[in-house]
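Novice: The structure under discussion is supplied below as structure tokens; questions concerning it will follow.
The values are calculated or read from the model by the stated rules, or taken from the named source; none is laboratory data. A quick note: this is a predicted structure, and the numbers were derived from the prediction, not measured. So basically every Cβ, Gly included, is an ideal-geometry build from the backbone, and we count neighbours across all protein chains shown. SASA here: full protein model, heavy atoms, side chains in, ligands and nucleic acids out. Shrake-Rupley method; radii C 1.70, N 1.55, O 1.52, S 1.80 Å.
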Amino acid sequence: FKLMHPKKNPLVLDRVNCVNAMLLNGVDNRRYHVNKRTCPGTVEALEQQIWDKNGQPKKDNLIDHPIDALGYFIHLMFPIKRRGSIKSR
């Protein structure tokens, strides 16, 4: 198999935004579905993930591992493209 990876890890918030956009974006498109029967750990993690007081996903238990893996995959394959700004002279 071919190993694909970015030069550096994306920001946590970028990964979260990519996953959220694939699960349900701003125009109600669902582009990624998680099968409850074949991926129960991922479904459980998505349902139970909470945020800490600093606005970051809480990392004190093991449920965040499936979400992290999903986030890295989605960010690599379906990144959110940023719109560039136009510089005025």
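Novice: Among the residues of the range 40-54, which ones are outside any helix (DSSP H, G or I) and in contact with a helix residue (DSSP H, G or I) (Cβ under 8 Å, 6 or more places away or on another chain)?
Specialist: Selection gives Q49 alone.
Novice: Would you pick out the residues in the range 10-24 that are surrounded by 13 or more Cβ atoms within 10 Å (Cβ to Cβ) and outside any helix (DSSP H, G or I)?
Specialist: Residue satisfying the conditions is P10 alone.
Novice: Is it the case that some residue within the range 52-70 is open to solvent by 90 Å² or more (accessible area, probe 1.4 Å), modelled with pLDDT of 90 or more and of a type in the set (V, I, T)?
Specialist: No, the range 52-70 contains no residue that is open to solvent by 90 Å² or more (accessible area, probe 1.4 Å), modelled with pLDDT of 90 or more and of a type in the set (V, I, T).
Novice: Answer yes or no as to whether V27 is part of a loop (DSSP other than H, G, I, E, B), of a type outside the set (D, E, K, R), out of contact with any Lys or Arg (no Cβ under 7 Å at 6 or more places or on another chain) and open to solvent by less than 80 Å² (accessible area, probe 1.4 Å).
Specialist: no
Novice: Mind checking which pairs have a first residue in the range 19-38 that is among the aromatic types (F, W, Y) and a second that is open to solvent by less than 60 Å² (accessible area, probe 1.4 Å), Cβ under 8 Å, 6 or more apart or different chains?
Specialist: Listed by first residue and then by second, the contacts come to Y32/V19; Y32/M22; Y32/L23; Y32/I74.
Novice: Starting from the range 60-74, keep only residues that are aromatic (F, W, Y), then list their pairs with residues that are assigned to a loop (DSSP other than H, G, I, E, B) and open to solvent by 40 Å² or more (accessible area, probe 1.4 Å) whose Cβ atoms are within a distance under 8 Å, requiring at least 6 positions of separation or different chains.
Specialist: Once the first residue is aromatic (F, W, Y) and sits in the range 60-74, its partners that are assigned to a loop (DSSP other than H, G, I, E, B) and open to solvent by 40 Å² or more (accessible area, probe 1.4 Å) give Y72/N9.
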